[in-house]
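Here the structure comes first, spelled out in structure tokens, and everything after it is commentary.
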Ligand code: 5AD
Ligand code: SF4
């Protein structure tokens, strides 16, 4: 079977990775991919459940796609990802006209499910909780100098607000040699930077063994994650990142390896969620402000140019003005390079959903706005001194709007726009002298 496939992705990097692996799988079975939704025969939405709004967006998109079937008989529309897992059979009732729905553990079945739909079966639902394993979901699409690689599936943390453990299942770490094999393959295909992915990536190798007996012990000198980072750095890759961090994993060993290994970028995204101990406790985050402070200090001591980014939730049940002000103060103290601010959204089935959602929407909006304004100011304060400095930027390609204007990222994960003199290619590590800064982006000139 074949057809032209368009995949629309919502949500986190894990979803981006799943979509890419699904696309590579379909391509290997004779399907072709397109960025142009209107020309596709098969439309797929990879959904996210993290907040109510994320699901609303996916539902809205799917409804429009299903409507378009009236003009394109034979067109197939399917949903994949977290919303399918969360809703199960309900998803077919909630989104009328879907041809198939596959949960994140079942994506390896995508080609056979599409074939079944093409053969007249349907709608088909598979929200099974057992991961379809094997190499089917290891594929990557060619062309990009950067790639994501899964190292840890699921999450066992059970933060009070979070739907992820319900939709992504129990924590399971991929064997280190499988990860290394995938990275080596990527290096061979010209990839320069990999980001190792896990919902709570610091837990890598804690629940199931990932190294052959005797090669690494989680209680011994070498911890599984630092050991993996070190090994990935030796594959010939130019840059290594990993996400998302948690203070519990910021050990001396991790800081030591990050500081010593030139391939590991000096950046970590480590969601803090709140700067109030009372709220952190209610969120069941497993750390307080002081532990976060110490974790950040360990990394900063090991890496002078280290950049720290974060996520914060405003309006969590019971968050008072004083809690919010603590968060503001703590964000200033931590000097976050960037911060994503989210308004609390109750997710049914999570512990927090049983508590009154007592911060009014207008107040959530106000707190959200204040933190964004603070971050803009902080961003300018942090970026200002970069003017005149030369930074290493991995050239990712032309920006969509302006062909001679290229973009890439610094080792600290900041986006940089620069004019390509023509001699730079995709995947080159360029030296860029910074000439102008904004809160979230840098501009500069290539230095020969
Ligand atoms: N409401 C609002 N934000 C949430 N996040 C996770 N769950 C919720 C929720 N129920 C945020 C956290 C997390 C980011 C990916 O999304 O900040 O780090
Ligand atoms: Fe969204 Fe979480 Fe699923 Fe990622 S894992 S797509 S953030 S619900």
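Readers should treat all values here as calculations from the given coordinates under stated rules, not as data from a laboratory. Quick caveat, the model's predicted, so the values are computed rather than measured. Here the Cβ is made from the backbone with ideal geometry for all residues, glycine too, and neighbour counts use every protein chain on show.
With R₀ fixed at 25 Å, the C-beta to C-beta distance from residue 141 to residue 234 puts the FRET efficiency at about 0.50. Here the range 302-336 is scanned for amide nitrogen atoms under 12 Å from the site 7 Å beyond the Cα of residue 376 along Cα-to-Cβ, giving none. Sorting the segments 437-446, 238-247 by their mean number of nearby beta carbons within 10 angstrom, highest to lowest, gives 238-247, 437-446.
Exposure proxy shown here: for 204, 292, 31, the number of other Cβ atoms within 10 Å sets the order, fewest to most, as 31, 292, 204. One chain, two ends: residue 96 and residue 72. Fully extended at 0.36 nm per residue, the span grows by 7.0 nm beyond their Cα-Cα distance.
When shorter helices are ignored and each DSSP H run of at least 4 residues is given -39500 (n - 2.57), the per-residue value for the chain at 222 nm works out to -10000 deg cm²/dmol. Placing a label point 7 Å from the Cα of residue 158 along the Cα-to-Cβ direction, the residues of the range 280-316 whose backbone N falls under 15 Å of that point are 282-286.
Each of residue 130 and residue 402 was given a label point 7 Å from its Cα along the Cα-to-Cβ line. The distance between the two points is 5.5 nm. Distance in nm between label sites at residue 321 and residue 170, each 7 Å beyond Cα in the beta-carbon direction? Computed distance between label sites residue 321 and residue 170 equals 4.8 nm.
When the chain is treated as a Gaussian network with alpha carbon springs shorter than 10 Å, the biggest mean-square fluctuation among 271, 317, 142 belongs to 142. Extension gain, residue 39 to residue 328, is 99.3 nm, computed as 0.36 nm per intervening residue step minus the present C-alpha separation. Between the range 407-442 and the range 126-196, the C-alpha centres lie 28 angstrom from each other.
Residues 6, 105, arranged from fewest to most other Cβ atoms within 10 angstrom of their Cβ, appear as 6, 105. Nearest 5 percent is fine: what portion of the DSSP beta bridges confined to the chain is antiparallel? About 30 percent, rounded to the nearest 5. Here residue 340 and residue 119 are evaluated by their C-beta separation; at R0 = 30 Å the FRET efficiency comes out at 0.10.
Model label points for residue 445 and residue 63, set 7 angstrom from Cα along the Cα-to-Cβ axis, are 5.2 nm apart.
Note on 93, 53, 61, 414: ascending count of other Cβ atoms within 10 Å places them as 93, 53, 61, 414, the fewest first.
Once you have the Cα-Cα distance between residue 429 and residue 366, take 0.36 nm times their residue separation minus that, and quote the gain in nm to one decimal.
Full extension from residue 429 to residue 366 adds 18.6 nm.
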